[in-house]
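Data block below; observations after.
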Amino acid sequence: MNIDFSNPAVIFGAVVLVVLIVVAIAIFVLQRKKKSEALRGRFGPEYDLALRESGSARKAEELLHARVRRVDGLKIRELTVVERDRYVAEWEKVQSRFIDHPRGAVTDADELVNSLLEVRGYPVGSFDQRAADISVHHSTLVGPYRTANKITTLAGRNEATTEELRTAMIQYRTLFDALLGTTTSIEQRREVA
(Lines give C-alpha, C1' and ligand atoms only; values in the text may rest on other atoms or scores of the structure.)
Protein backbone atom coordinates (compact mmCIF):
# COMPACT_ATOMS: atom_id res chain seq x y z
CA MET A 1 0.00 0.00 0.00
CA ASN A 2 1.48 3.29 -1.12
CA ILE A 3 0.21 6.55 0.43
CA ASP A 4 0.20 9.61 -1.75
CA PHE A 5 1.30 12.46 0.54
CA SER A 6 0.52 15.01 -2.16
CA ASN A 7 -3.16 14.08 -2.06
CA PRO A 8 -5.14 16.86 -0.27
CA ALA A 9 -7.25 14.31 1.62
CA VAL A 10 -4.12 12.64 3.04
CA ILE A 11 -2.63 16.03 4.00
CA PHE A 12 -5.92 17.06 5.63
CA GLY A 13 -6.07 13.74 7.54
CA ALA A 14 -2.47 14.16 8.73
CA VAL A 15 -3.16 17.74 9.90
CA VAL A 16 -6.29 16.60 11.76
CA LEU A 17 -4.32 13.80 13.41
CA VAL A 18 -1.56 16.19 14.51
CA VAL A 19 -4.15 18.68 15.85
CA LEU A 20 -5.90 15.90 17.80
CA ILE A 21 -2.59 14.79 19.31
CA VAL A 22 -1.73 18.37 20.32
CA VAL A 23 -5.19 18.88 21.84
CA ALA A 24 -4.92 15.59 23.76
CA ILE A 25 -1.51 16.60 25.13
CA ALA A 26 -2.82 20.04 26.08
CA ILE A 27 -5.81 18.52 27.88
CA PHE A 28 -3.53 16.11 29.74
CA VAL A 29 -1.17 18.92 30.80
CA LEU A 30 -4.06 21.15 31.92
CA GLN A 31 -5.66 18.35 33.94
CA ARG A 32 -2.35 17.57 35.60
CA LYS A 33 -1.85 21.25 36.38
CA LYS A 34 -5.37 21.47 37.86
CA LYS A 35 -4.70 18.43 40.04
CA SER A 36 -1.42 19.95 41.20
CA GLU A 37 -3.13 23.24 42.01
CA ALA A 38 -5.88 21.39 43.89
CA LEU A 39 -3.29 19.53 45.97
CA ARG A 40 -1.36 22.73 46.61
CA GLY A 41 -4.59 24.42 47.70
CA ARG A 42 -5.56 21.52 49.94
CA PHE A 43 -2.17 21.00 51.56
CA GLY A 44 -0.73 24.52 51.46
CA PRO A 45 2.72 24.61 53.06
CA GLU A 46 2.73 20.82 53.34
CA TYR A 47 2.74 20.62 49.53
CA ASP A 48 5.89 22.75 49.45
CA LEU A 49 7.50 20.67 52.20
CA ALA A 50 6.70 17.43 50.35
CA LEU A 51 8.12 18.98 47.18
CA ARG A 52 11.37 19.95 48.93
CA GLU A 53 11.71 16.55 50.59
CA SER A 54 10.92 14.47 47.51
CA GLY A 55 12.71 16.59 44.92
CA SER A 56 9.99 16.41 42.28
CA ALA A 57 6.36 17.44 41.91
CA ARG A 58 5.34 13.97 40.76
CA LYS A 59 6.86 12.26 43.82
CA ALA A 60 5.46 14.93 46.16
CA GLU A 61 1.98 14.50 44.72
CA GLU A 62 2.20 10.72 45.00
CA LEU A 63 3.16 11.15 48.65
CA LEU A 64 0.24 13.50 49.31
CA HIS A 65 -2.22 11.20 47.50
CA ALA A 66 -0.90 8.33 49.66
CA ARG A 67 -1.63 10.43 52.76
CA VAL A 68 -5.18 11.02 51.60
CA ARG A 69 -5.70 7.31 50.89
CA ARG A 70 -4.24 6.41 54.30
CA VAL A 71 -6.44 8.85 56.21
CA ASP A 72 -9.51 7.92 54.15
CA GLY A 73 -8.96 4.37 55.39
CA LEU A 74 -8.97 5.47 59.03
CA LYS A 75 -12.13 5.64 61.08
CA ILE A 76 -11.90 9.29 62.10
CA ARG A 77 -14.87 10.23 64.22
CA GLU A 78 -16.34 13.22 65.97
CA LEU A 79 -16.26 13.39 69.73
CA THR A 80 -19.37 12.83 71.77
CA VAL A 81 -20.58 15.77 73.84
CA VAL A 82 -19.33 14.05 77.01
CA GLU A 83 -15.88 13.45 75.48
CA ARG A 84 -15.70 17.01 74.21
CA ASP A 85 -16.61 18.42 77.63
CA ARG A 86 -14.03 16.18 79.31
CA TYR A 87 -11.30 17.33 76.93
CA VAL A 88 -12.25 20.98 77.38
CA ALA A 89 -12.00 20.55 81.16
CA GLU A 90 -8.63 18.81 80.76
CA TRP A 91 -7.36 21.61 78.54
CA GLU A 92 -8.39 24.23 81.07
CA LYS A 93 -6.40 22.36 83.78
CA VAL A 94 -3.36 22.19 81.51
CA GLN A 95 -3.61 25.84 80.59
CA SER A 96 -4.01 26.92 84.23
CA ARG A 97 -0.75 25.12 85.09
CA PHE A 98 1.18 27.21 82.58
CA ILE A 99 1.74 30.18 84.91
CA ASP A 100 3.48 28.14 87.61
CA HIS A 101 4.87 25.26 85.52
CA PRO A 102 5.15 26.30 81.85
CA ARG A 103 7.40 23.43 80.79
CA GLY A 104 5.18 20.81 82.40
CA ALA A 105 2.05 22.45 80.96
CA VAL A 106 3.48 22.31 77.43
CA THR A 107 4.36 18.64 77.85
CA ASP A 108 0.84 17.99 79.17
CA ALA A 109 -0.65 19.92 76.23
CA ASP A 110 1.31 17.72 73.82
CA GLU A 111 0.07 14.59 75.57
CA LEU A 112 -3.51 15.89 75.60
CA VAL A 113 -3.41 16.63 71.86
CA ASN A 114 -2.00 13.14 71.23
CA SER A 115 -4.74 11.62 73.37
CA LEU A 116 -7.37 13.61 71.48
CA LEU A 117 -5.94 12.43 68.16
CA GLU A 118 -6.12 8.82 69.32
CA VAL A 119 -9.71 9.13 70.55
CA ARG A 120 -10.75 10.72 67.25
CA GLY A 121 -9.33 7.69 65.40
CA TYR A 122 -5.85 8.74 64.35
CA PRO A 123 -3.39 5.91 64.97
CA VAL A 124 -0.64 6.19 67.53
CA GLY A 125 2.64 6.56 65.72
CA SER A 126 5.65 8.76 65.24
CA PHE A 127 5.26 12.51 65.30
CA ASP A 128 5.96 12.70 61.56
CA GLN A 129 3.18 10.21 60.83
CA ARG A 130 0.73 12.11 63.07
CA ALA A 131 1.64 15.38 61.33
CA ALA A 132 1.17 13.77 57.91
CA ASP A 133 -2.22 12.37 58.95
CA ILE A 134 -3.37 15.72 60.35
CA SER A 135 -2.31 17.49 57.17
CA VAL A 136 -5.07 15.79 55.19
CA HIS A 137 -7.87 17.62 57.01
CA HIS A 138 -6.01 20.38 58.88
CA SER A 139 -3.15 21.38 56.57
CA THR A 140 -2.88 24.93 57.91
CA LEU A 141 -2.33 23.58 61.42
CA VAL A 142 0.54 21.23 60.64
CA GLY A 143 3.18 23.97 60.60
CA PRO A 144 2.14 25.25 64.02
CA TYR A 145 1.94 21.65 65.27
CA ARG A 146 5.50 21.05 64.09
CA THR A 147 6.60 24.25 65.85
CA ALA A 148 4.88 23.26 69.09
CA ASN A 149 6.39 19.78 68.95
CA LYS A 150 9.87 21.19 68.37
CA ILE A 151 9.47 23.48 71.38
CA THR A 152 8.19 20.57 73.46
CA THR A 153 11.33 18.64 72.54
CA LEU A 154 13.45 21.64 73.59
CA ALA A 155 11.47 21.88 76.83
CA GLY A 156 12.24 18.24 77.55
CA ARG A 157 15.95 19.18 77.48
CA ASN A 158 15.26 22.37 79.49
CA GLU A 159 16.32 24.49 76.48
CA ALA A 160 13.07 26.35 75.72
CA THR A 161 12.47 29.92 76.79
CA THR A 162 9.25 30.97 78.49
CA GLU A 163 8.26 32.84 75.32
CA GLU A 164 8.82 29.70 73.24
CA LEU A 165 6.73 27.71 75.71
CA ARG A 166 3.95 30.29 75.44
CA THR A 167 4.10 29.97 71.64
CA ALA A 168 3.84 26.18 71.94
CA MET A 169 0.76 26.48 74.17
CA ILE A 170 -0.90 28.80 71.66
CA GLN A 171 -0.12 26.43 68.78
CA TYR A 172 -1.38 23.42 70.71
CA ARG A 173 -4.56 25.26 71.68
CA THR A 174 -5.25 26.14 68.04
CA LEU A 175 -4.83 22.50 66.99
CA PHE A 176 -6.78 21.33 70.03
CA ASP A 177 -9.74 23.56 69.13
CA ALA A 178 -9.72 22.28 65.55
CA LEU A 179 -9.57 18.66 66.67
CA LEU A 180 -12.45 19.20 69.09
CA GLY A 181 -14.53 19.77 66.00
CA THR A 182 -16.11 22.94 67.25
CA THR A 183 -16.39 26.28 65.55
CA THR A 184 -15.81 28.27 68.74
CA SER A 185 -12.59 28.19 70.70
CA ILE A 186 -12.37 27.41 74.40
CA GLU A 187 -11.82 31.12 75.07
CA GLN A 188 -15.00 32.09 73.21
CA ARG A 189 -17.03 29.41 75.00
CA ARG A 190 -15.75 30.68 78.35
CA GLU A 191 -16.79 34.26 77.48
CA VAL A 192 -20.32 33.10 76.67
CA ALA A 193 -20.70 31.07 79.87
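The values are calculated or read from the model by the stated rules, or taken from the named source; none is laboratory data. Please read these numbers as outputs of a predicted model, since none were measured by experiment. Positions of Cβ are backbone-derived with ideal geometry, glycine not excepted, and every protein chain shown enters the neighbour counts. Protein only, heavy atoms only, side chains kept; ligands, DNA and RNA dropped before computing areas. Shrake-Rupley method; radii C 1.70, N 1.55, O 1.52, S 1.80 Å.
Odds and ends about this structure:
- Peptides ranked, highest mean first, by Cβ atoms within 10 Å: ranges 158-168, 11-21, 99-109: 99-109, 158-168, 11-21
- Folded to 0 to 90 degrees: helix 139-156 orientation relative to the chain principal axis, Cα: 40
- Sequence-distant contacts, meaning Cα pairs under 8 Å at least 6 residues apart, place the relative contact order of region 52-133 at 32 percent.
- Calculated mean residue ellipticity at 222 nm for the chain: -26500 deg cm²/dmol, from DSSP H runs with n ≥ 4 weighted as -39500 (n - 2.57), summed, divided by the residue count and rounded to 500.
- Accessible surface area normalised per residue over the chain is 61 Å², counting heavy atoms of protein chains with a 1.4 Å rolling probe.
- Relative to the longest principal axis of the Cα atoms of the chain, the long axis of helix 57-72 lies at roughly 50 degrees.
- Tensor-based shape of region 47-193 (alpha-carbon gyration tensor, a/c under 1.5 rounded, otherwise prolate or oblate): oblate
- The calculated FRET efficiency for E83 paired with I21, based on their beta-carbon distance and R0 = 41 Å, is about 0.10.
- The alpha-carbon of K33 sits under 27 angstrom from the alpha-carbons of these lysines, leaving out residues fewer than 8 places away in its chain: K59.
- Rounded to the nearest 10 degrees, the inclination of helix 8-43 to the longest alpha-carbon principal axis of the chain is 0 degrees.
- Within the full protein context, the accessible area of V94 is estimated at about 10 Å² for a probe radius of 1.4 Å.
- Each Lys and Arg Cβ is given +1 and each Asp and Glu Cβ -1; about its Cα centre, region 1-70 then shows a dipole of about 460 debye.
- Carbon plus sulfur fraction of accessible area for region 63-175, probe 1.4 Å, in percent: 53
- Efficiency of FRET from Cβ geometry, D4 and R32, R₀ 45 Å, rounded to 0.05: 0.70
- Nearby lysines by direct alpha-carbon distance to K93 (threshold 24 angstrom, same-chain neighbours under 8 apart not counted): K150
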